[in-house]
Amino acid sequence: MGKVLIIGAGGVGNVVAKKCAMNTEIFSEIMLASRTVSKCEAIAKEFGGNRIQTAKVDADNVAEMVQLINKFKPDLVLNVALPYQDLPIMDACLEAGVNYLDTANYEPKDVAKFEYSWQWAYQERFKAKGIMALLGCGFDPGVTGVFTAYAKKHHFDEMHYLDIVDCNAGSHGKAFATNFNPEINIREITQKGKYWENGKWIEIDAMSIHQPVAYPNIGDKESYLLYHEELESLVKNYPTLKRARFWMTFGQEYLTHLRVLENVGMTRIDPVLFEGKQIVPLQFLKAVLPEPSSLGENYSGETSIGCMIKGVKDGQDKTYFVWNNCSHKASYQEVQAQAISYTTGVPAMIGAAMMMTKTWNKAGVYNVEEFNPDPFMDMLNKHGLPWNEKTNLKLPFEYPVEKVLA
Ligand code: NDP
């Protein structure tokens, strides 16, 4: 039993707070704090029973965060604000001596660049303080890392090729909307693509490599090669990987809107002068797009996210696919959220449970694949994200012709 302080009351914060509140065995007290306290209060009221306490906090302000931590005295701070807040919240956890978890790696506001270096740099300080930070514990990153660790533990002696495939085959009825924070989402998909091959990163123009992938229960969907942050830790933790890539589906309508917005300058992240005031076009665009948390009610269809892996077991070539499908409608019925928020919030709750029960317990800064995947996989099945697996199937990708073992 323990106390959790959740920071951020957006689409994901809504799911994490409610899923922690449902899990009475592990989370004795829950506080949801964010910049706009009315959003916390609305979530707490919707859940009911005074189970979720609320507070206002500016997480960019370390002193304010430390004050809140010292007042509530949580065992863990669960960060589902924006990636910009990762470092100030980690600083506050260090100062107060409390464990930390997040779902997305740090990004500076003025450069569209995400990498783990900034957060991995906290390793020695977290160790010295005897506290733990678990990085990237949503679905992707998050479950995709746990899936990969599970594949290695139970199915492979060596993994050689990893393709993470992410499909949202849902429909929310809006002409254009993003499924999580629009600013973060558009920064991610408009930057250059990148994948790992033969020991180095290969950079490509955004959206320039794509192919159809058949998703379970959905069928063929055009999938685009993107850079995604879990690739960085996975190639580090599984050095036998010869190639690691990430694919995501986009509809034509979405891509057309995005191209137009890019062409007219609305996705720029540098400030421009507008009526005597500096504004960032992408932040303005976020203000006029639908809130991701508002998309749930009429969302139909499902998501399908998984890992397709080729490697070797007992001297034989082997292929393996592990995945979860999640229904937008079922997510909405359970916690009034669409499936993207749901598939992020549930793993964040499970990661918190792993830390709270000391099932995953190591001072320092870690990614999810560095721990035993089995108890996490168990909880996915029990808390709304059941997974499936298949071995020795034909995967939709081409592999270099090679003799894997002599
Ligand atoms: P939202 O924009 O819906 O919510 C973000 C919340 O953080 C808002 O409530 C916002 O407050 C709050 N916030 C922003 N800045 C501050 C601050 N300085 N202090 C306190 N609170 C602040 O985003 P999502 O819920 O969609 O995403 C949350 C996180 O989850 C993001 O980091 C995103 O990258 C990550 N994510 C991870 C995924 C994964 O699979 N790993 C998938 C999807 C998302 P306000 O209401 O005032 O704006």
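Only the coordinates and a few stated rules stand behind these numbers; no lab work does. Computed from a prediction, not measured in an experiment: that's the story for all the values here. Glycine gets a Cβ as well: all are built from the backbone with ideal geometry, and neighbour counts include every protein chain shown.
With the Cα gyration tensor of the range 204-290 in hand, convert its eigenvalues to equivalent ellipsoid semi-axes via √(5λ) and list them largest first in whole Å.
Values: eigenvalues 209, 75, 24 Å².
Equivalent ellipsoid semi-axes, largest first: 32, 19, 11 Å.
Taking θ as phi - 60°, what are the ³J(HN,Hα) couplings along the range 162-174 by the Karplus curve (6.51, -1.76, 1.60), each to the nearest whole Hz, with x for Gly and Pro?
Values per residue, Gly and Pro as x: 10, 10, 8, 10, 10, 10, 10, 9, x, 9, 9, x, 9 Hz.
Using only the C-alpha atoms of the chain, find the volume of their convex hull and express it per residue in Å³. Please report the intermediate quantities before stating the final value.
Numbers: hull volume 56.4 nm³, N = 406.
Hull volume over Cα atoms, normalised by residue count, gives 139 Å³.
For the chain, set up a GNM with springs between Cα atoms under 10 Å and report which of 118, 247, 360 has the largest fluctuation.
118
So if each residue of separation counts as 0.36 nm, and I subtract the Cα-Cα distance between residue 63 and residue 381, what length gain in nm does that give? Before the final figure, lay out each step's value.
Values: separation 318, 0.36 × 318 = 114.48 nm, distance 3.91 nm.
Residue separation times 0.36 nm, minus the Cα-Cα distance, leaves 110.6 nm.
Counting other beta carbons within 10 Å of each residue's own, what order do 307, 137, 326 fall into, fewest first? Can you show the working numbers first?
Details: 307 25, 137 29, 326 22.
Neighbour counts put them in this order, fewest first: 326, 307, 137.
Which percent of Cα pairs goes in each bin when the distances of the range 80-228 are cut into 10 angstrom slices starting at zero?
9, 30, 37, 19, 5, 0
Which of the lysines could be linked to residue 286 by a straight reach, that is with a Cα gap under 24 Å, when you skip same-chain ones fewer than 8 residues away?
39, 56, 109, 113, 174, 192, 277
Show me the ranking of peptides 252-263, 55-66 by mean Cβ neighbours inside 10 Å, starting with the highest. Working shown, then result.
Details: 252-263: 13.4, 55-66: 17.6.
Top to bottom by mean Cβ count within 10 Å: 55-66, 252-263.
How many angstrom separate the Cα center of the range 88-156 from the Cα center of the range 282-347?
What the calculation gives is 20 Å, centre to centre.
Mind pulling up the Rg/Rh value for the range 231-380? Radius of gyration and Kirkwood radius, both on Cα.
Details: Rg = 20.4 Å, Rh = 19.5 Å.
Taking Rg over the Kirkwood Rh, I get 1.05.
Out of every Cα-Cα pair in the range 327-367, what percent are more than 11 Å apart? Kindly include the intermediate steps, with their values, before the conclusion.
Values: 543 of 820 pairs.
When all Cα pairs of the range 327-367 are counted, 66 percent exceed 11 Å.
Would you mind getting me the FRET efficiency between residue 288 and residue 214? Use the beta-carbon distance for r and R0 = 41 Å, nearest 0.05.
Details: r = 36 Å, r/R0 = 0.88.
The value I calculate is 0.70.
By per-residue mean of other Cβ atoms within 10 Å, what is the highest-first order of 159-167, 42-50, 361-369, 23-31? Walk me through the numbers before you get to the answer.
Working: 159-167: 23.9, 42-50: 14.6, 361-369: 20.2, 23-31: 17.4.
Most protected by this proxy first, the peptides run 159-167, 361-369, 23-31, 42-50.
I'd like the Karplus ³J(HN,Hα) series for the range 144-160: coefficients 6.51, -1.76, 1.60, θ = phi - 60°, whole numbers in Hz, and an x wherever there's a Gly or Pro.
Computed from phi, the couplings for the range 144-160 are 4, x, 5, 4, 5, 5, 5, 4, 5, 5, 10, 10, 9, 7, 9, 9, 10 Hz.
Could you calculate the contour length gain from residue 277 to residue 392, that is, 0.36 nm times the residue separation minus the distance between their Cα atoms, to one decimal place in nm? Write down the numbers at each step before the final one.
Values: separation 115, 0.36 × 115 = 41.40 nm, distance 5.90 nm.
Contour length minus Cα-Cα distance gives 35.5 nm.
When you have a sec, figure out the Kirkwood radius of the range 159-251 from all distinct Cα pair distances and drop it here in Å to one decimal? Intermediate results must be reported in sequence, preceding the final value.
Numbers: mean 1/r = 0.0702 Å⁻¹.
For the range 159-251, inverting the mean 1/r across all distinct Cα pairs yields 14.2 Å.
Mind listing the phi-derived Karplus ³J(HN,Hα) values for the range 281-293, rounded to whole Hz, using 6.51, -1.76 and 1.60 with θ = phi - 60°, and x for any glycine or proline?
So the J values, rounded to whole Hz, are x, 5, 6, 5, 4, 4, 5, 9, 7, x, 5, x, 5.
Quick one: what Rg and Dmax do you get for the range 2-135 from the alpha carbons, in Å?
Taking only Cα atoms of the range 2-135, I get Rg and Dmax of 14.2, 43 Å.
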